[in-house]
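Participant: The structure's right below; bear with me while I get my questions together.
Each value in this text was obtained by applying a stated rule to the coordinates, not by laboratory testing. For clarity, every value in this text was computed on a predicted model and none was experimentally measured. Don't worry about glycine lacking a Cβ; one is built from the backbone with ideal geometry, like all the others, and counts go over all protein chains shown.
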Amino acid sequence: MVRLGAFLAAGLLLSAQAAVAKGTPGETRFPAAVSDKVLQDFLQVGRVKDETPRDAGEWFRWGGIPVEHQASSIRAVVDALAAARPPIGVAAAILTIARVESGWNPYSRNPESTACGLFQFIRATWASYDSEQDHCFDPLANAKAGVKHLMTLYATRVGPRLEPLLPITTEQERVEWTYRLLYALHYHGEAAPEAAEGGSILTQTVAEAAMPHLQGFFSILKRVTAPPVRVRMARGGTRRVPAGPKARRAATKTRAAADRSTRS
């Protein structure tokens with residue numbers, strides 16, 4: 001598996017040379033309010049196998065909770081994102097990391113460490129956000145801390161590394177690299193050498209397995225934040241239509257009809 005650090009090093013070298021831009025930096029922000037319909041779309045993309053644990057101890061494992069509990073956890077993360085309003089690529093990464101870390105189980109705990117809750121905070125990191133350790137299992141508190149923590153990592157450790165790559169990378173590439181770096185920093189800790197290189201082989205493998213979820217979350221966010229398309233009508237005037245593949249095709253046909261009417 002190619003290490004992310006190699007990609008970033010190559011990007012820094014290439015950024016010093018003339019290049020044709022493949023994409024433009026996008027700063028579209030997470031919406032300030034998210035409807036229940038969009039929440040269901042997130043759940044459809046990110047849900048894990050839903051079941052009711054038979055033993056009390058099974059409530060503390062990854063995932064393994066009823067779908068309605070998963071929806072509540074996703075809502076907690078979505079509400080924290082709506083309050084913070086990060087760029088949608090960062091938001092898609094944060095949603096994916098929550099799924100990877102706990103499977104949306106707010107009671108999840110790592111039997112080999114002190115990691116707990118939706119974002120699997122270890123005790124020392126959680127203490128910097130909340131003095132009560134038991135609050136780690138509160139999905140609202142954990143989601144708020146998780147979003148704040150990952151946005152801080154993005155601002156201080158990820159964003160500056162990706163900025164030189166803007167002229168030579170696509171938006172999708174930058175979203176994927178944001179996710180990989182954020183997950184490595186969150187999992188290993190900021191001081192770990194592996195984090196700066198995109199994570200160990202194990203964490204890179206885990207991150208790779210969740211890539212379809214990242215892409216699904218990002219696709220939903222692109223759709224719900226896309227501005228309406230304004231098209232010229234054949235008989236004069238304009239109308240606004242929702243963005244999307246079908247709407248774009250309809251807009252193209254409408255513009256063509258308007259052009260023919262103008263020429264005739």
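Participant: Which one of these is surrounded by 22 or more Cβ atoms within 10 Å (Cβ to Cβ) and among the hydrophobic types (A, V, I, L, M, F, W, C): 124, 115, 80, 71?
Facilitator: Only one candidate qualifies: 80.
Participant: Give the residue that is farthest from residue 94 (Cα to Cα), with candidates limited to residues of region 195-220 that are of a type in the set (A, V, I, L, M, F, W, C) and in contact with a Gly (Cβ under 8 Å, 6 or more places away or on another chain).
Facilitator: Going through the qualifying residues, I end up with 196.
Participant: Being farther than 12 Å from residue 94 by Cβ and touching a Lys or Arg at 6+ places or on another chain (Cβ under 6 Å): is that true of residue 163 here?
Facilitator: Considered against the rule, which asks whether it is farther than 12 Å from residue 94 by Cβ and touching a Lys or Arg at 6+ places or on another chain (Cβ under 6 Å), residue 163 comes out as no.
Participant: Would you list the helices (runs of 4 or more DSSP H) that sit entirely within region 117-209 and hold 1 or more residues that are closer than 16 Å to residue 86 by Cα?
Facilitator: The helices (runs of 4 or more DSSP H) meeting that bar are 139-153, 159-162, 171-188.
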